[in-house]
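Novice: Just passing along the structure, written as structure tokens.
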Number of protein chains: 2
Amino acid sequence: MSQSTLSNLGKKGGKSSAETSAPGHPQVPRAIVVQPERTGRPSRFEKWMARRMLQAIGSPPVALVLWDGDVVCSAAGPPKVSVVIHDRATLLKIAVNPLFNFGEAYSNGQVELEGSLGDLLDAFYSNLPGSRSPGLMAKTENLLEGNSLRGSRLNIHHHYDIGDDFFELWLDPEMQYTCAYYPAPGAGLEEAQLAKMEHVCRKLRLKAGETVVEAGCGWGGLARYMARHYGVTVRAYNISHSQVEYARRRAAQERLDSRVQFIEDDYRNIQGRFDAFVSVGMLEHVGADHYDDLGRVIGRCLQNHGRGLIHSIGQIHAGRPLNPWIRRRIFPGAYPPALSEMVQLLESADFSVLDVENLRLHYAKTLEHWLQRFEASAGAVANMFDERFVRMWRLYLAGSRSSFLAGVLHLFQIVFARPRSNDLPWTRAFLYAAPQAQAGDPCNPAMC
Amino acid sequence: MSQSTLSNLGKKGGKSSAETSAPGHPQVPRAIVVQPERTGRPSRFEKWMARRMLQAIGSPPVALVLWDGDVVCSAAGPPKVSVVIHDRATLLKIAVNPLFNFGEAYSNGQVELEGSLGDLLDAFYSNLPGSRSPGLMAKTENLLEGNSLRGSRLNIHHHYDIGDDFFELWLDPEMQYTCAYYPAPGAGLEEAQLAKMEHVCRKLRLKAGETVVEAGCGWGGLARYMARHYGVTVRAYNISHSQVEYARRRAAQERLDSRVQFIEDDYRNIQGRFDAFVSVGMLEHVGADHYDDLGRVIGRCLQNHGRGLIHSIGQIHAGRPLNPWIRRRIFPGAYPPALSEMVQLLESADFSVLDVENLRLHYAKTLEHWLQRFEASAGAVANMFDERFVRMWRLYLAGSRSSFLAGVLHLFQIVFARPRSNDLPWTRAFLYAAPQAQAGDPCNPAMC
């Protein structure tokens with residue numbers, strides 16, 4: 001399938017504005033009904049290539065079933081999952097560019113699974129060689145997806161503006177589309193998303209009457225939580241038009257609109273000075289070329305006594321791009337920073353880091369819950385979009401879960417302040433004190 | 001006072017081995033009784049120079065009193081402290097190289113204070129311009145103090161082998177010469193040093209029967225604590241001969257020598273594989289040129305499920321050398337890393353950071369307690385060494401306290417593991433659970 005055959009996804013019904021995006025921008029490909037071409041038996045070369053593919057990804061316990069029923073396995077033990085490759089062209093494409101074309105083939109139905117997608121992806125990520133460097137192609141692609149003011153708007157539009165009703169099918173009621181915080185592994189998604197917002201507020205040590213600026217506010221759930229439970233006023237920035245509209249609507253319904261202002265603008269245009277800066281799930285979309293911009297913005301907008309928190313997906317090794325299929329089809333322009341890059345961003349802006357917490361297993365759990373809810377609504381999603389869209393999002397959610405579980409991706413919450421501010425909590429015990437925030441009542445977190 | 005007049009410090013009594021150090025290595029200068037040369041009134045140029053000095057350090061509320069009684073102030077308000085400069089030569093030396101020669105002049109008694117040294121240093125550090133880059137001289141000096149296997153041994157010998165009886169005068173009974181952890185600001189030093197060791201053990205999630213390697217173990221207090229309270233066996237490395245002898249003696253007295261082994265060797269020679277790696281207060285002596293060495297050592301010696309903790313003084317901006325006087329007279333070869341450098345060290349060795357905590361106010365508090373205890377023993381210290389030694393150490397302790405208080409120095413505890421290890425605590429609440437360790441009883445920390 002060549003790039004030229006791709007076009008915008010035609011959403012069936014719903015109120016998505018995805019169809020309006022700019023020409024030339026990466027788009028979700030049109031659903032394709034595959035007719036496997038079973039043109040003869042695989043050659044010895046094709047079988048050799050299939051074996052090499054398995055070796056190249058660390059010989060996971062996976063079988064490849066070729067179009068004539070031949071099975072190719074790695075020597076590492078009985079396979080957990082079989083990947084049925086329906087035709088010769090698909091095998092060749094995956095061999096040439098496995099990280100991208102496996103996603104394409106899975107989405108198109110050119111490969112199918114016997115066994116669970118989760119098991120396949122867990123096997124893949126947990127067997128990946130540790131220190132593989134990114135290929136040249138991946139680096140080049142990164143340059144094409146810039147995060148200029150206009151590029152960011154297009155990139156964000158691509159993912160977040162495909163329809164609130166779609167996200168409502170499988171997110172929690174507060175529409176938190178970032179890693180939750182599970183007080184215990186058995187907690188539910190709704191409880192864990194509320195606990196995440198509470199954890200963030202406590203780390204920021206918000207006090208009633210303070211002002212908060214939020215960079216990248218999603219559907220506004222955290223902004224509303226901060227205003228409702230901590231009595232602060234919030235200026236929240238977002239470049240997703242449909243998210244800002246949704247956030248304004250809900251704030252008005254919940255009578256929080258006098259204390260929460262949603263601004264459809266880029267983080268680079270943040271104006272004013274605030275007691276706290278918070279950004280949950282935006283840094284992944286900033287791009288390493290713009291970390292200095294973000295550092296300058298935070299330096300400009302935070303009061304001398306101010307506190308800041310950045311919550312972002314991260315990785316171990318700086319400079320490795322996200323999986324190319326995810327970057328092309330799901331998150332154009334996205335890059336997960338290494339923690340050292342996040343810390344450098346703050347050091348360059350003369351901030352001192354107070355606290356870092358790695359919550360990667362919480363993101364794996366969050367994705368597990370999202371995936372369950374997504375599957376429960378798969379029929380509705382197929383009706384909204386098509387089967388191909390369902391397969392793409394299933395692969396993205398399951399692949400992300402496996403990446404966090406295998407330590408390929410991480411989730412860092414990082415708290416910072418100006419180095420001379422001595423308005424610091426004495427220990428972190430207050431983060432773990434019994435809950436104090438009551439619905440509707442502005443209150444202070446337990447401070448020492 | 002020229003460099004050539006400096007020679008070894010002759011300790012009066014005690015069992016120091018400082019006199020045995022290698023020729024050519026930086027040494028504590030001989031005590032000098034100063035006879036102020038009051039050679040005429042200060043010139044207009046000298047007064048201008050005194051004013052410029054105050055401006056150059058950010059115009060703190062400090063007065064300079066020249067040798068004829070003339071007072072030079074910055075315009076920033078009434079002075080909190082007056083610095084009496086006894087002679088023209090001292091003014092010139094301080095003007096030429098203030099960061100180094102103020103320390104020399106204070107130690108020699110060529111300057112004296114009206115007011116508190118702590119107030120002077122607080123005023124200095126809290127007025128320092130934020131982003132001053134280090135001078136060329138400082139960089140050159142850094143190169144002269146290498147941390148090769150031999151250089152490290154000399155550097156460590158210089159500071160830590162000057163006599164256990166001296167450190168016993170003002171450290172806690174467990175001889176913890178690193179930042180304590182105060183459960184509350186009013187806690188005492190002894191309680192806070194025990195709490196520090198408990199905090200470190202909990203962060204490492206030690207379990208009875210496990211093995212721990214410690215890099216840079218001081219007088220062995222943490223190694224003994226881990227063995228006693230957590231039932232682990234410890235291999236502890238240190239290149240300070242007198243510290244290792246002391247540590248072995250105490251472990252034998254406390255019948256812990258079957259579970260704690262002290263090895264007089266460099267961290268680069270650590271052998272074996274362990275469940276946990278810990279290093280408290282050594283990274284400051286490793287030097288940035290050797291972070292990769294340390295990363296390789298940790299990568300080699302930690303089991304796949306292992307946990308690690310590094311506790312180190314740090315700073316905001318990478319590459320800035322320690323105050324040159326401290327580096328010359330107190331800690332040759334020392335360099336406080338930026339947090340980004342600590343994180344890079346671990347990322348390069350393919351470790352993932354799980355937790356970072358900045359404890360700089362705890363170090364300011366620790367130094368406050370050390371300083372009080374040091375002052376209470378100043379007479380005994382003067383008898384052991386001389387008055388000049390007392391002034392040098394007073395300046396070092398008070399200057400360090402002010403640096404932590406002003407956010408010039410930081411204290412980072414960083415917890416890490418291999419990225420694929422999913423043997424992780426679910427939250428950090430267990431760190432703040434009620435104490436479980438009982439003296440003499442091996443036990444596990446509260447785990448979730």
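The values are calculated or read from the model by the stated rules, or taken from the named source; none is laboratory data. Fair warning: this is a prediction, and the values are worked out from it, not measured in the lab. Counting neighbours? That spans all protein chains shown, and the Cβs are built from the backbone with ideal geometry, glycine included.
Novice: Which one is farthest from the chain's Cα centre (by Cα) among residues in region B:136-190 that are in a loop (DSSP other than H, G, I, E, B) and modelled with pLDDT under 95? Steps first, answer last, please.
Specialist: Quick first cut of region B:136-190, residues in a loop (DSSP other than H, G, I, E, B) only: B:145-148, B:161-163, B:169-188.
Those left that are additionally modelled with pLDDT under 95: B:145-148, B:161-163.
Numbers: B:Glu145: 17, B:Gly146: 18, B:Asn147: 16, B:Ser148: 20, B:Asp161: 15, B:Ile162: 15, B:Gly163: 17 Å.
Once the filter is applied, the top-ranked residue is B:Ser148.
Novice: To continue, here is another question. May I ask you to list the residues in region B:412-430 that are of a type outside the set (Val, Ile, Thr) and not in a strand (DSSP E or B)?
Specialist: The answer is B:Arg418, B:Pro419, B:Arg420, B:Ser421, B:Asn422, B:Asp423, B:Leu424, B:Pro425, B:Trp426, B:Arg428, B:Ala429, B:Phe430.
Novice: Please go through region A:191-212 and give me each residue that is touching a Ser or Thr at 6+ places or on another chain (Cβ under 9 Å) and either over 21 Å from B:Pro425 (Cα atoms) or in a loop (DSSP other than H, G, I, E, B) (or both), ordered by number.
Specialist: Within region A:191-212, A:Gly209, A:Glu210, A:Thr211, A:Val212 qualify.
Novice: Just one of the numbered conditions (1) in contact with a Gly (Cβ under 8 Å, 6 or more places away or on another chain); (2) closer than 29 Å to B:Asn101 by Cα is not true of B:Pro332; which one?
Specialist: All conditions pass for B:Pro332, except number (1).
Novice: Something else about it: Between B:Phe404, B:Phe412, B:Phe374, B:Phe351, which is assigned by TED's automatic domain parsing to the domain that holds B:Val286, touching a strand residue (DSSP E or B) at 6+ places or on another chain (Cβ under 8 Å), farther than 14 Å from A:Ser352 by Cα and of a type in the set (A, V, I, L, M, F, W, C)?
Specialist: On the way: B:Phe404 fails: farther than 14 Å from A:Ser352 by Cα; B:Phe412 fails: farther than 14 Å from A:Ser352 by Cα; B:Phe374 fails: touching a strand residue (DSSP E or B) at 6+ places or on another chain (Cβ under 8 Å).
Result of the check over B:Phe404, B:Phe412, B:Phe374, B:Phe351: B:Phe351.
Novice: Of everything in region B:357-380, what is in contact (Cβ under 8 Å) with a residue 60 or more places away in the chain, under 26 Å from B:Val415 (Cβ atoms) and not in a helix (DSSP H, G or I)? Give them in sequence order.
Specialist: Correct list: B:Leu359 only.
Novice: Is one or more of the residues making up region B:308-318 surrounded by fewer than 23 Cβ atoms within 10 Å (Cβ to Cβ), touching a residue at least 40 places away in the same chain (Cβ under 8 Å) and within 12 Å of chain A (Cβ to nearest Cβ)?
Specialist: Checked region B:308-318: at least one residue is surrounded by fewer than 23 Cβ atoms within 10 Å (Cβ to Cβ), touching a residue at least 40 places away in the same chain (Cβ under 8 Å) and within 12 Å of chain A (Cβ to nearest Cβ).
Novice: Can you say whether A:Pro337 is more than 9 Å from chain B (Cβ to nearest Cβ), within 21 Å of the chain's Cα centre (by Cα) and buried (at least 24 other Cβ atoms within 10 Å of the Cβ), as far as the supplied structure shows? Even if it seems obvious, please write down each step before you answer.
Specialist: On the way: more than 9 Å from chain B (Cβ to nearest Cβ): yes; within 21 Å of the chain's Cα centre (by Cα): yes; buried (at least 24 other Cβ atoms within 10 Å of the Cβ): yes.
Yes: the conditions hold for A:Pro337.
Novice: Let me ask something additional. Does any residue of region B:247-263 turn out to be on the phi < 0 side of the Ramachandran plot, in a helix (DSSP H, G or I) and in contact with a Cys (Cβ under 7 Å, 6 or more places away or on another chain)? Write out each step before concluding.
Specialist: Let us first name the residues in region B:247-263 that are on the phi < 0 side of the Ramachandran plot, namely B:247-254, B:256-263.
If we keep only those that are in a helix (DSSP H, G or I) too, we end up with B:247-253.
Among the residues that remain, those that are also in contact with a Cys (Cβ under 7 Å, 6 or more places away or on another chain) are: B:247.
Among the residues of region B:247-263, at least one is on the phi < 0 side of the Ramachandran plot, in a helix (DSSP H, G or I) and in contact with a Cys (Cβ under 7 Å, 6 or more places away or on another chain), which makes the answer yes.
Novice: I've got another one for you. Could you run through region A:369-418 and say how many residues are closer than 20 Å to A:Phe167 by Cβ, out of contact with any helix residue (DSSP H, G or I) (no Cβ under 6 Å at 6 or more places or on another chain) and within 14 Å of another protein chain (Cβ to nearest Cβ)?
Specialist: 0
Novice: Assess whether B:Arg248 counts as being of a type in the set (Lys, Arg) and either touching a strand residue (DSSP E or B) at 6+ places or on another chain (Cβ under 6 Å) or loosely packed, with under 15 Cβ neighbours inside 10 Å (or both).
Specialist: On the way: of a type in the set (Lys, Arg): yes; either touching a strand residue (DSSP E or B) at 6+ places or on another chain (Cβ under 6 Å) or loosely packed, with under 15 Cβ neighbours inside 10 Å (or both): yes.
Yes, satisfied.
Novice: Something else: Quick one: is A:Met175 touching a Leu at 6+ places or on another chain (Cβ under 9 Å) and either buried (at least 21 other Cβ atoms within 10 Å of the Cβ) or farther than 26 Å from A:Ala288 by Cβ (or both)? Please lay out each step first, then the result.
Specialist: Numbers: touching a Leu at 6+ places or on another chain (Cβ under 9 Å): no; either buried (at least 21 other Cβ atoms within 10 Å of the Cβ) or farther than 26 Å from A:Ala288 by Cβ (or both): yes.
When the stated conditions are applied, A:Met175 does not pass them.
Novice: Here is a follow-up. Working carefully through the options B:Leu294, B:Leu309, find the one that is assigned to a strand (DSSP E or B), of a type in the set (A, V, I, L, M, F, W, C), modelled with pLDDT of 95 or more and within 30 Å of A:Ser126 (Cβ to Cβ).
Specialist: Values: B:Leu294 fails: assigned to a strand (DSSP E or B).
One residue alone meets the criteria, B:Leu309.
Novice: Here is a list of conditions, (1) part of a helix (DSSP H, G or I); (2) surrounded by fewer than 23 Cβ atoms within 10 Å (Cβ to Cβ); (3) at pLDDT below 95; (4) touching a Pro at 6+ places or on another chain (Cβ under 8 Å), and A:Arg329 meets all of them except one; can you say which number that is?
Specialist: (2)
Novice: Restricting to region B:230-245, name every residue that is crowded, with 24+ Cβ neighbours inside 10 Å and out of contact with any helix residue (DSSP H, G or I) (no Cβ under 7 Å at 6 or more places or on another chain).
Specialist: Correct list: empty.
Novice: Further question: Would you mind stating whether B:Ser74 is surrounded by 13 or more Cβ atoms within 10 Å (Cβ to Cβ), in contact with a Pro (Cβ under 9 Å, 6 or more places away or on another chain) and at pLDDT below 90? Working first, answer last.
Specialist: Numbers: surrounded by 13 or more Cβ atoms within 10 Å (Cβ to Cβ): yes; in contact with a Pro (Cβ under 9 Å, 6 or more places away or on another chain): yes; at pLDDT below 90: yes.
Against the criterion (surrounded by 13 or more Cβ atoms within 10 Å (Cβ to Cβ), in contact with a Pro (Cβ under 9 Å, 6 or more places away or on another chain) and at pLDDT below 90), B:Ser74 qualifies.
Novice: Same structure, new question: Would you mind telling me which numbered condition in (1) over 23 Å from B:Arg360 (Cα atoms); (2) assigned to a loop (DSSP other than H, G, I, E, B) A:Asp350 fails?
Specialist: Just one mismatch for A:Asp350, condition (1).
Novice: Within the set of pairs 6 or more residues apart or between chains, which connect a residue that is closer than 21 Å to B:Arg420 by Cα inside region B:283-304 to a residue that is of a type in the set (Asp, Glu) and surrounded by 20 or more Cβ atoms within 10 Å (Cβ to Cβ) with Cβ atoms less than 6 Å apart?
Specialist: B:Gln303/B:Asp275
Novice: Sticking with this one: Since B:Val62 meets every condition but one in (1) closer than 21 Å to B:Glu387 by Cβ; (2) within 29 Å of the chain's Cα centre (by Cα); (3) modelled with pLDDT of 90 or more, which condition does it not meet?
Specialist: (1)
Novice: Kindly indicate the residue of region B:203-228 that is surrounded by 24 or more Cβ atoms within 10 Å (Cβ to Cβ) and farther than 28 Å from B:His157 by Cα and also farthest from the other protein chains (Cβ to nearest Cβ) among those meeting that condition.
Specialist: B:Leu206
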